[in-house]
Amino acid sequence: LFRSGRYELGFKSAMVNISDISASGGSCKYMTIALSLPKNISEEFVKEFYKGINDSIEKYGIKVVGGDLTSADKVMVSVTVLGIDKDRRISSRSHAKAGQVVVTSGVHGSSACGLYLLNSGKDITEELKEKFIYPHIMPTAQVEFAQKIAENIKEDYAMMDSSDGLADCLYKIAKSSN
């Protein structure tokens, strides 16, 4: 189910940023990666990390266009995704209005449950791994769902990534929209 941890770190580092741009209605185009590593890190770590990055961006046509590599006491990763808004309407958290419908995609809470299970120290069945741990370690951005909205909606709308929790997302949109 999992490769090396290094691969998954690269994949997730890219995917959470792809999700943020997509959830604003943008189309992801470019990525930069800043990677700080201890001096004793293996070449295999770097290869697996970038394999995860490349596999996460391949189907979206995103290109890595730069970044930075520095020395540090521990591994630190910073990914930036740049997108465009051509032929689409970009969302704002402040655009929600009373009476509008809330639409969600994906399964809420699966990542949080996966993290809980990983930290619990309990034996984890294959079913739990696939249902909860995999979505935590290898999340999938709802890119196509967000693109359809951004390309087809005619009015202002509020949309955001809800991977930090549905309640958190709804609170932030409600607060921004008064």
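The values are calculated or read from the model by the stated rules, or taken from the named source; none is laboratory data. This is a predicted model, so every value here is computed, not measured. Here the Cβ positions follow ideal geometry from the backbone for every residue, glycine too, while neighbour counts run over all protein chains shown. Ligands, DNA and RNA are excluded from the accessible area calculation, which covers all protein heavy atoms including side chains. Shrake-Rupley method; radii C 1.70, N 1.55, O 1.52, S 1.80 Å.
Looking at residue 141, is it part of a loop (DSSP other than H, G, I, E, B) and under 26 Å from residue 28 (Cα atoms)?
So residue 141 fits the description; yes.
Among the residues of segment 86-99, are any of a type in the set (Val, Ile, Thr) and in contact with a strand residue (DSSP E or B) (Cβ under 8 Å, 6 or more places away or on another chain)?
No, segment 86-99 contains no residue that is of a type in the set (Val, Ile, Thr) and in contact with a strand residue (DSSP E or B) (Cβ under 8 Å, 6 or more places away or on another chain).
For segment 116-129, which residues satisfy the criterion of being in a loop (DSSP other than H, G, I, E, B) and either open to solvent by 100 Å² or more (accessible area, probe 1.4 Å) or within 19 Å of residue 163 (Cβ to Cβ) (or both)?
Across segment 116-129, the qualifying residues are 122, 123.
Are any residues in segment 95-115 on the phi < 0 side of the Ramachandran plot and either open to solvent by 60 Å² or more (accessible area, probe 1.4 Å) or modelled with pLDDT of 95 or more (or both), and if so, which ones?
97, 98, 100, 101, 102, 103, 104, 107, 108, 112, 115
Could you grab the pairs with beta carbons closer than 6 Å, sequence gap of 6+ or different chains, first residue in segment 17-41 and closer than 30 Å to residue 151 by Cα and open to solvent by less than 20 Å² (accessible area, probe 1.4 Å), second one among the β-branched types (Val, Ile, Thr) and assigned to a strand (DSSP E or B)?
Pairs that qualify, where the first residue is closer than 30 Å to residue 151 by Cα and open to solvent by less than 20 Å² (accessible area, probe 1.4 Å) and the partner is among the β-branched types (Val, Ile, Thr) and assigned to a strand (DSSP E or B), are 18/81; 27/84; 28/81; 31/64; 31/81; 33/79.
Say whether the condition of being more than 23 Å from residue 105 (Cα to Cα) and assigned to a strand (DSSP E or B) is met by at least one residue in segment 45-54.
For segment 45-54, residues more than 23 Å from residue 105 (Cα to Cα) and assigned to a strand (DSSP E or B): absent.
Determine, yes or no, whether residue 78 is closer than 29 Å to residue 155 by Cα, of a type in the set (S, T, N, Q) and either in contact (Cβ under 8 Å) with a residue 40 or more places away in the chain or open to solvent by 50 Å² or more (accessible area, probe 1.4 Å) (or both).
So residue 78 does not fit the description; no.
Pairs only if they're at least six apart or on different chains, beta carbon under 6 angstrom, first in segment 97-120 and small (Gly, Ala, Ser), second surrounded by 10 or more Cβ atoms within 10 Å (Cβ to Cβ) and not in a helix (DSSP H, G or I); list them, first residue then second.
105/142; 106/142
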